[in-house]
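For reference, the structure is listed below as structure tokens.
The values are calculated or read from the model by the stated rules, or taken from the named source; none is laboratory data. Bear in mind the structure is a predicted one, so any value in this text is a computation, not a measurement. Glycine also receives a Cβ, built like all others from the backbone with ideal geometry; neighbour counts cover every protein chain displayed. Keep in mind that these areas ignore ligands, DNA and RNA; they rest on the heavy atoms of the full protein, side chains included. Shrake-Rupley method; radii C 1.70, N 1.55, O 1.52, S 1.80 Å.
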Amino acid sequence: MTPLLSNAGSLDFTQILTRGHTLPCSTAAHAFSQIVQPSNRFQLALDALLPILESPRSELSHRILVTYILYSMYAPHPIRLNPFRSALYDTFVEERKFAIDNPNPDGASDREQLVWVLWKVLRGDGQDLGPFSPSQFVRSALPSKLRASNLLLDEGAAEDDFAALVPTHVEEPASDALVPPAPVSAETDAQTRALSQAMTLLLAARDRVLTLSELRILNPLIPELTSPPVITSFDLPPLIAHNPTLAYPLLVTLIAHGPGLYFDMLAQLPPTLPTFDVLGRLLRDVTPVHEPAGGTSTVADVTRAEVLGRFIIGCIGWLDEAEVQEREGFVSDDRFSQGVRNLCRFYTSLINLGIINPTVDTDSVEMITFTLRQARFEEANTLYRILVASRL
């Protein structure tokens, strides 16, 4: 249980803002409902929440959290019945205009994420935001099609949805007014909603295993979710652990367009089956990579040259530490023994595929020492014999 909830009775609302932005939005909203009596919630929202939502000087993560709390207070009802809908809509209009008028050099804006969160809430999709923290939204870039210039809400739209997306490209927005709504086809609206849903699923993939139907929604949109990347290298290890079949095509696209940005992360992954699955696929992938210095190679080439050796050495160090922890009684699972077996099987398969030449690759020397030390495991013993025989 989080400290926020375990001490809920003694905390005030200020602490929800200062500590809640790192927690899932639904957790912080639940804490708010526990701390504030039902009869006081509406007045507190007027006195404390709305000023934060409407103030550009408030921290972006706080404004996102407030948006979700205002939504969650009336979540069982359609958004059109939420008494704060008008305030949310007015903030959306103002922030969208600011984002369009004040882009960064890359064309985005520092407030894009807030605009998207408000758009999701006002579209009736606020429940999608619950599992994620405001800080996660702040550090997640938006695909270009979900930037503020492509999001517009129409108060005269269908009652249940309250708003309809108008994906119109704004070349030179007027400084004193937003571009008026333009008609939008059902097909375009469905495509943009699908992209928004795919972004939400990609964020969720860091914390849980996606279903096959969710993967079918997400996979076709990976190119759009990686330009710019929605997630960072910090988010990739948990995504690999939960969804290796998704991580592989995602990494291929990321490496192909930005070689070098993800190599350190890959080299530090633990020796688990999802890790070996993803890295093994990358080492056989022939997708072209355009390197900054010029020339073209493949995903397999750069992964072999920049990642594999460091990864093997890192795995050996990880397993040595796991062995010490097991011997001293700090862990009681089989992470060490399974890790040794899986690493040896992985290395043997790379030899059989010709990806590793045990007579040339320098990391084979480290593996000889490691497998000899762990020769009580059948897989290590077998690999040791292969490595030694190759040097005779």
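Calculate the FRET efficiency for PHE42 and ASP207 from the Cβ-Cβ distance with a Förster distance of 30 Å, rounded to the nearest 0.05. Mind dumping the intermediate values first?
Numbers: r = 32 Å, r/R0 = 1.07.
That gives a FRET efficiency of 0.40.
Between ALA305 and GLU224, what length comes free when the chain is fully extended (0.36 nm per residue of separation minus the Cα-Cα distance, one decimal in nm)? Please report the intermediate quantities before stating the final value.
Numbers: separation 81, 0.36 × 81 = 29.16 nm, distance 2.77 nm.
Using 0.36 nm per residue and subtracting the Cα-Cα distance, I get 26.4 nm.
Looking at region 311-355, which GluC sites (Glu not before Pro) are in a loop (DSSP not H, G, I, E or B) and have at most 16 other Cβ atoms within 10 Å?
On the way: sites: GLU321, GLU323, GLU326, GLU328; in loops: GLU328.
Those that pass, being in a loop and sparsely packed, are GLU328.
Roughly what would the spin-label model give for ARG391 and THR296, points 7 Å off Cα along C-beta, in nm?
3.9 nm
Rg (Å, one decimal) plus Dmax (Å, integer) for the alpha carbons of region 272-392?
Rg and Dmax of region 272-392, Cα atoms, are 15.6, 52 Å.
Any chance you could run the full-extension gain for THR369 through SER144? It's 0.36 nm times the residue separation minus the Cα-Cα distance, nm to one decimal. Intermediate results must be reported in sequence, preceding the final value.
On the way: separation 225, 0.36 × 225 = 81.00 nm, distance 4.99 nm.
Working it through step by step, the gained length comes to 76.0 nm.
Quick check on packing: order 240-252, 296-308 by the mean number of other C-beta atoms within 10 Å, highest mean leading.
Details: 240-252: 21.0, 296-308: 18.4.
In decreasing order of mean packing, 240-252, 296-308 become 240-252, 296-308.
Looking at the calculated P(r) for region 221-274, what percent of the C-alpha pair distances fall above 18 Å? List each step's numbers first, then the result.
On the way: 322 of 1431 pairs.
So the portion of pairs separated by more than 18 Å is 23 percent.
In whole percent, how big is the carbon plus sulfur part of the accessible area of the chain, probe 1.4 Å, protein atoms only? Don't skip to the answer; put the middle values down first.
Working: 9720 of 18260 Å².
Percent of accessible area from carbon and sulfur atoms in the chain: 53.
Under the definition of Cα pairs under 8 Å and six or more residues apart, what whole-number percent is the relative contact order of the chain?
Working: 480 pairs, mean separation 37.6, N = 392.
Value for the chain: 10 percent.
Over the chain, give the accessible area per residue in Å² for a 1.4 Å probe, as an integer. Show your work: numbers first, answer last.
Values: 18260 Å² over 392 residues.
Per residue, the chain has 47 Å² of solvent-accessible surface.
When only C-alpha pairs under 8 Å and at least 6 residues apart count, what is the relative contact order of region 16-134, in percent?
Numbers: 119 pairs, mean separation 45.1, N = 119.
Averaging sequence separation for qualifying contacts and normalising by length gives 38 percent for region 16-134.
In whole angstrom, and with the biggest value first, how far do the Cα coordinates of the chain range along each principal axis?
79, 53, 35
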